[in-house]
Amino acid sequence: MLINNDLKTLDLTVGDVFSQNPRLKARNVSVFYGDNKAIDNVTIDIGNKEVISFIGPSGCGKSTFLRCFNRMNDTIDSCAVKGEITIDDENIYDKKIDVVPLRARIGMVFQKPNPFPKSIYDNVAYGPRIHGLSENKEHLDGIVEESLKRAGLWEEVIDRLDSPGTGLSGGQQQRLCIARAIAVSPEVILMDEPCSALDPIATAKIEELIHELGNDYSIVIVTHSMQQAARVSKKTAYFHLGKLIEVGRTKDIFTRPQHHQTEAYISGKIG
Amino acid sequence: MFSFYILVGILLISFVFFFLGKNQAKKVAYTNKKKLHSLIHYYGLYSLLSSLIPTLGIFFAITICDDLLFAELIKKYIPDEVVNSKDYNFTIVLAQINNSVEGLIFGTPPEWVANAAAIWKSWVLKSNTITMAVCTITIFIFGFFSLKKIQYEFRSRNAVEKIVTSILAVSSMIAILTTIAIIFSVVFESIRFFALIPYDEFLFGTIWNPQFEGADRAGSGQEGLSQYGAIPLFAGTFLISIIALCVSVPVGLFSAIYLSEYATSKERAFFKPLLEILAGIPTVVYGFFAALTVAPFLRSSGSIFGLNVASESALAAGLVMGIMIIPFISSLSDDVINAVPQSLRDAGYGLGSTKNETVMKIVLPAALPGVVASIILAVSRAVGETMIVVMAAGLAANLTANPLEAVTTVTSQIVTILVGDQEFESAKTLSAFALALTLIIITLAMNFYALHIVKKYREQYE
């Protein structure tokens, strides 16, 4: 059954949707907002410790699809997800799955930096606290320090951990949000246009960070900028009108797109 | 009645100027063979407003001033023996004459009153004629002047904009000036009170026992009979307010959280208006609910536990007042909780918080300043609430912290002091103003503080 469906999808999607070492597997996923089909029968693998970009014109459903992986679409009443998404061969849409630990395993960074109106320390410590990841204060301090270091923010905030996170600059806030996400040691990090609200210098820092984090985490990044996709990701998936058009190595997608729609988008004919 | 006809006349004529203005604009456009600066109806509106507003101003000025003028002039017609008599009071004499003018005659008024009334009537007739003449002249002068102004270069859209702006500014000034006037009238009466009773006795005295004893307490042989220590009243007010808050803060806040975070949009559309109906129930209805239902219930259930609950207890008034202010807290808190950006909730869920954790650890702390402000507004509402405490809290000025006893509040004392016939010079009557002044200062301070908190909160998010 699954094989048949796979074959059907392959008719639609050009390129290699499967990964040799997959972490997340999406099979025939469709998403509906009421009667409106936002994602149409998408099948794709997210490899282990792999950075993959979702690109496509506005409204193509790439963000919606991203939010399926940690079931953030659950918070929207009218949204329904069909198909199967597995993490380590466990269906995340299974009734037995609790979304709370799932979302700890699959972290998320949002489009606009959204630090809590709390201190920098409390922002990062929030996740470990609610999941009980630390045994004592020293351990928690260690987690906070480690996360801030990995997010490249430690040097900048070392002497003001108690000041509010909302007082940082936009780029620093976004790195704080990344630190907050990695503090709960997720396996996958989803990033929904993480640089769209930032200036070029802050963007460059975040991209560098994504590049480094790619060594330890699977990262899915939705982006509007093709240059960004080219810079940070090994693999790229192109979405158009809710359909996954083409998946492949980033280099191939940008130099030798196989599908005419991908080519039109890359060369700026649709956008 | 005549004034009403004049008013209708003014309105009708100004409407005529609306059409005249439009016509004039059309003519101008036709002769210049070009499009005008503004739409045609702005020219009409300009004529209407610039003829109507000055005329209305003059009309009201005349109507207000002529009564004052007549009152001054009529003094000549009051016989000297009346003026020189011991209990002569011009206000009362004036009222007598006015009643006579309006045909409200009790018994046979003295001859001089009838005479004065006749003179007054003749003045009114004259003044009506003058008013009508002046208004007619004004409206036509201003109307035709506005028509003359409608030329090709004239920008009526901008002119109308200016007029509308000034109307809005004047309206807001009226609200502000009224508040200031109220405060000043209370301040002046309070100054008279503090001339009779030292302010430290009022502010720090612990016994409230006002008696009528004439204007001059010293030498009346009754010193020490009246005592104006306001502490028991304020203590009672705060005891009842605290009980009210113990009811309304948890219930109001939790219902706000439920409505804004948990309820589906259908439930919310159903429950929120229902909750706000609570705010629409007249406080007098809450009052008899407290006095007739809650108080007897508390009394009987208290006796089961061997507690002696007064039939007019602070508890009954406080509980019902708490129910009354639930909608203030829930509605305002609901608004501030809704104003917390969705991105913060997303961040919470994205980190794997449950709904409850997100609400308690992220949304509520973020909304806290606004929630506190809503509670402070509710407190100032509770402190100033009158009807419930008049009906359910009693009048005994006990200085007690026991909610089962009867206490009295500032507002219910003001009501009892000012209801009925009063002698205005006595310290007892004037004490109502001193109480009111203190109350105004307290609630104003709390409102200012609440606004300050809300302002600070806004800055945090933008």
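Nothing in this text is a laboratory measurement; each read-out follows from the coordinates by a stated rule. Keep in mind that this is a model prediction, so the values were computed, not measured. Cβ sites come from the backbone with ideal geometry, for glycine too, and all protein chains shown count toward neighbours.
The table below lists the values:
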{"quantity": "Stokes-Einstein D in µm²/s, Kirkwood radius over Cα pairs - the range B:331-462 at 10 °C with 1.306 mPa s viscosity", "calculated": "88 µm²/s"}
{"quantity": "Per-selection Rg to Rh, the range B:2-154 - Cα, Kirkwood hydrodynamic radius", "calculated": "1.26"}
{"quantity": "Ellipticity estimate at 222 nm from DSSP helix runs (n ≥ 4, -39,500 (n - 2.57)) divided over chain B, nearest 500", "calculated": "-25000 deg cm²/dmol"}
{"quantity": "Rg/Rh for the range B:227-461, where both radii come from Cα atoms and Rh is the Kirkwood radius", "calculated": "1.05"}
{"quantity": "Listed peptides A:229-241, A:256-268, A:34-46 by packing density, highest first (mean Cβ within 10 Å)", "calculated": "A:229-241, A:34-46, A:256-268"}
{"quantity": "Percentage of interatomic Cα-Cα distances in the range B:260-354 larger than 16 Å", "calculated": "68 percent"}
{"quantity": "D_trans [Stokes-Einstein, Kirkwood Rh over alpha-carbon pairs] for the range B:150-197, 4 °C, 1.567 mPa s, µm² s⁻¹", "calculated": "92 µm²/s"}
{"quantity": "For q = 0.10, 0.15, 0.18, 0.19 Å⁻¹, Debye-computed log10 I/I(0) when each Cα of the range B:137-294 counts as one equal scatterer", "calculated": "-0.83, -1.06, -1.22, -1.25"}
{"quantity": "Stokes-Einstein translational diffusion, the protein assembly as shown - Kirkwood Rh over all Cα pairs, 0.692 mPa s, 37 °C, in µm²/s", "calculated": "98 µm²/s"}
{"quantity": "Most positive-pole-ward Cα, B:Asn128, B:Phe70, B:Phe59, against dipole of the range B:2-154 from beta carbon charges", "calculated": "B:Phe59"}
{"quantity": "Extent along principal axes [Cα atoms of the range A:2-266; Å; largest to smallest]", "calculated": "56, 42, 34"}
{"quantity": "Residue-by-residue Karplus 3J(HN,Hα) for the range B:123-137, coefficients 6.51, -1.76, 1.60, Hz, glycine and proline x", "calculated": "4, 4, 4, 4, 5, 4, 4, 4, 4, 4, 4, 4, 5, 4, 4"}
{"quantity": "Amide H contacts of B:Asn209 (H built 1.01 Å from N, under 5 Å, at least 5 apart or other chain)", "calculated": "B:Gln227, B:Tyr228, B:Gly229"}
{"quantity": "Kirkwood-based Rg to Rh ratio, the range B:87-212, C-alpha trace", "calculated": "1.21"}
{"quantity": "Dipole axis of the range B:227-461 (+1 Lys, Arg; -1 Asp, Glu on Cβ), positive-most option in B:Ile323, B:Ala427, B:Gly384", "calculated": "B:Ile323"}
{"quantity": "Backbone HN-Hα couplings from phi across the range A:30-46 [Karplus 6.51/-1.76/1.60, Hz, Gly and Pro as x]", "calculated": "10, 10, 10, 9, x, 8, 8, 8, 8, 10, 10, 6, 9, 10, 7, 10, 10"}
{"quantity": "Helix A:120-130 axis, angle to chain A major axis (alpha carbon atoms, nearest 10°)", "calculated": "70 degrees"}
{"quantity": "Three-way shape label, chain B, alpha-carbon gyration tensor, a/c 1.5", "calculated": "oblate"}
{"quantity": "Calculated from backbone phi, Karplus (6.51, -1.76, 1.60) coupling profile of the range B:235-241 in Hz, x at Gly/Pro", "calculated": "4, x, 4, 6, 4, 5, 5"}
{"quantity": "Simple Cβ-charge dipole of the range B:51-206, Lys/Arg +1 and Asp/Glu -1, about Cα centre, in debye nearest 20", "calculated": "940 debye"}
